[in-house]
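Student: Pasting a structure below so you can have a look.
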Amino acid sequence: MFGMLGVLVAAACLEVGGDALIRRGLGGGGGLWMVAGAAVLVAYGFAVNLTKVDFGKWMGLYIAVFFGVAQVVAMAAFKEKPGWPVVVGGSLVVAGGLVMAFAGKN
């Protein structure tokens, strides 16, 4: 269980991080940021696909973890503060991910 959660957190960090690097490059940071972002996104693809975790089965929880990581990166790297629609909608995303991952038989 904790191993699977670690894979999901690592995957979300790589996916959000790669996107953030590309965004930084597109915002005037230069091509090296975009190349770095592409490399991180390739690492994300390998991390997700080389594991033994049934990724499709845990996709709901992954999306909840992804949402959380994306909000942290948005606030830390881009100084974006989530408004109430993001907080309310994100709470529903997280609740749904927990239901899909842990309710009933897996």
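Student: Out of everything in the stretch 1-42 that is surrounded by fewer than 16 Cβ atoms within 10 Å (Cβ to Cβ) and closer than 21 Å to Phe67 by Cβ, what residue ends up being modelled with the lowest pLDDT? Show your work before the answer.
Tutor: Step one: filter the stretch 1-42 for residues surrounded by fewer than 16 Cβ atoms within 10 Å (Cβ to Cβ), giving 1-3, 5-6, 9, 26-32, 35, 38-39, 42.
Narrowing further to those that are closer than 21 Å to Phe67 by Cβ: 1-2, 5-6, 9.
On the way: Met1: 58, Phe2: 62, Leu5: 81, Gly6: 85, Val9: 89.
Of everything passing the filter in the stretch 1-42, Met1 is modelled with the lowest pLDDT.
Student: Please indicate, with yes or no, whether at least one residue in the stretch 25-34 is in contact (Cβ under 8 Å) with a residue 24 or more places away in the chain, farther than 18 Å from Lys57 by Cβ and part of a helix (DSSP H, G or I). Give the derivation first.
Tutor: As a first pass, look at the stretch 25-34 and keep what is in contact (Cβ under 8 Å) with a residue 24 or more places away in the chain: none.
No.
Student: Related question: Filter the stretch 43-88 down to residues that are free of Cβ contacts under 8 Å to residues at least 12 places away in the same chain, in a helix (DSSP H, G or I) and closer than 24 Å to Gly27 by Cα, then give me how many there are.
Tutor: The qualifying residues number 4.
Student: Take Gly90 and tell me if it is under 17 Å from Val16 (Cα atoms), at pLDDT 80 or above and either under 16 Å from the mean Cα position of the chain (by Cα) or polar (S, T, N, Q) (or both). It would help to see each step written out before you state the result.
Tutor: Numbers: under 17 Å from Val16 (Cα atoms): yes; at pLDDT 80 or above: yes; either under 16 Å from the mean Cα position of the chain (by Cα) or polar (S, T, N, Q) (or both): yes.
Answer is yes for this residue.
The values are calculated or read from the model by the stated rules, or taken from the named source; none is laboratory data. Just so we're clear, the structure is a prediction, and the values are computed from it rather than from any experiment. So basically every Cβ, Gly included, is an ideal-geometry build from the backbone, and we count neighbours across all protein chains shown.
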